Amino acid sequence: MERKLRKPFLEALRGKTQAVPPVWLMRQAGRYLPEYRATRAKAGGFLDLCYTPELAIEVTLQPLRRYQFDAAILFSDILVLPDALGRKVAFVEGEGPILEPLVGQADIQRMTGEGFHERLAPVYATLKGLAKAIPAQTALIGFAGAPWTVATYLIEGKGGTDFANAKAWIYGRSADFEALIDKLTDFTVEYLLAQIEAGAEAVQIFDSWASALSEMPFRRYCIRPMQTIVERLRARHAEIPIIGFPRACGALALDYVAETGVDAISLDPGVPAAWAASHLQPKACVQGNLDPMLLVAGGKPMEREIDRLVAELGQGPYVFNLGHGIVPQTPPEHVARLVEHLRAR
Ligand code: CP3
């Protein structure tokens, strides 16, 4: 019964403090690894990589061959969901993702979900393959983007903007915006349920642009959809831990944890560790939050910060991670050092 084996990562998510914090890193598969770049070149387009199980399995496993991570994260992207809803999604080298912007209600209605699971079948096949291929102590993480973050890509057509169009919808066309969020919430639940049925043992929901919303829209478009997602996943799979990543939401993290009921919250580098230990950890496992640039720097400064984070957060349920994804210029040997240092403490 492989699935009954105690996996430290899953134990921590379930609220059990581990002697050595389990560790994985956001974007642990990616361009900082030469073997990823080689597979990526072979695949052609980025979406081809996501939709070819053999290659997606390979790049998921690459970091596990180098480092003793406690979890593997499915190799895919949050934007396969809009792609499976029939929106045009392109990954342009050096520019990030580009989408055909949603204009109005008619575009939302056109996202009927026809062929949704067929388009995503390769992602489920990847999870099934990974469930068999990963080491026995390693947990398998599935993921999706949160409705707000996916909505920003749909409306703006790209990431990291000032979100002027998305906010114009929120403040001026709230019924349309609400319809979009509801639709994304429904399909996100469908997608995550299928991932769990294909072998995901925990799921993480990335709300990378939560940072852009002020209090009231944050409550309505980040907390509320996440409540629905958690409720519906729990109704079917109560045993699967759920990690939320409401990036850079400041003090709203308190209500996010209390109201969504997530098992764990992933913290960005701006969250003070001692504050997280006293205010968040009593209610949820915390994950994070080393600055990815400190992993680029490496050496003593990185080691001191690892020690500090573990001293502050290691007394409760804690998963070591970065505060955001690994950046491409990260030296792979610094990742090796991070894992060794954590385990040797
Ligand atoms: O190893 C892993 O963490 C799993 C794979 C993963 C990717 N994207 C692969 C990827 C995961 C979990 C994601 C999530 C994702 N994708 C998020 C949420 C997390 C975050 O970073 O805030 C977001 C916002 C996206 C959308 C996205 N996809 C962007 C903004 C980019 C371009 C940025 C970049 O690094 O180029 C992508 C492309 C992408 N997704 C790459 C990878 C490895 C790089 C593409 C390439 O190989 O050319």
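Assorted remarks:
- Matching residues, segment 53-73, being within 10 Å of the ligand (Cβ to nearest atom), assigned to a helix (DSSP H, G or I) and in contact with a strand residue (DSSP E or B) (Cβ under 7 Å, 6 or more places away or on another chain): Thr60
- Of all the listed residues (Ala136, Ala121), the sole one being closer than 30 Å to Val20 by Cα, small (Gly, Ala, Ser) and either away from the ligand (no atom under 16 Å from the Cβ) or modelled with pLDDT under 95 (or both) is Ala136.
- Checking Ala146, Ala106 one by one, the residue that is buried (at least 16 other Cβ atoms within 10 Å of the Cβ), within 17 Å of Leu180 (Cα to Cα) and either free of Cβ contacts under 8 Å to residues at least 60 places away in the same chain or of a type outside the set (Phe, Trp, Tyr) (or both) is Ala146 and no other.
- Residue selected from segment 92-109 under the condition closer than 26 Å to Pro328 by Cβ and at pLDDT below 95, by the criterion nearest to the ligand (Cβ to nearest atom): Gly96
- Checked against the criteria, Ala151 does not count as under 20 Å from Gln28 (Cα atoms), within 16 Å of the ligand (Cβ to nearest atom) and surrounded by 21 or more Cβ atoms within 10 Å (Cβ to Cβ).
- Taking each residue of segment 265-278 that is in a loop (DSSP other than H, G, I, E, B) and looking for partners that are basic (Lys, Arg) with beta-carbon atoms closer than 7 Å, six or more apart or interchain, yields Asp268/Arg247.
- Within segment 14-52, the set of residues being loosely packed, with under 15 Cβ neighbours inside 10 Å, in a loop (DSSP other than H, G, I, E, B) and within 10 Å of the ligand (Cβ to nearest atom) comprises Arg31, Gly45.
- Under the condition of being more than 12 Å from the ligand (Cβ to nearest atom) and of a type in the set (A, V, I, L, M), the residues counted in segment 74-91 number 2.
- Those residues of segment 172-223 which are within 18 Å of the chain's Cα centre (by Cα) and not in a helix (DSSP H, G or I), in sequence order: Ala198, Gly199, Ala200, Glu201, Ala202, Val203, Gln204, Ile205, Phe206, Asp207, Ser208, Trp209
- Within segment 226-248, restricting attention to residues that are within 16 Å of the ligand (Cβ to nearest atom) and assigned to a helix (DSSP H, G or I), the residue that is surrounded by the most Cβ atoms within 10 Å (Cβ to Cβ) is Met226.
- Pair list, Cβ under 7 Å, 6 or more apart: segment 15-38 residue without any contact (Cβ under 8 Å) to a residue 60 or more places away in the chain, other residue within 9 Å of the ligand (Cβ to nearest atom) and among the aliphatic types (A, V, I, L, M): Ala29/Val59; Tyr36/Ala29; Tyr36/Val59
The values are calculated or read from the model by the stated rules, or taken from the named source; none is laboratory data. Just so it is clear, the structure is predicted and the values come from calculations on it, not from any experiment. In this analysis, Cβ positions are derived from the backbone assuming ideal geometry, glycine residues included, and neighbour counts consider all displayed protein chains.
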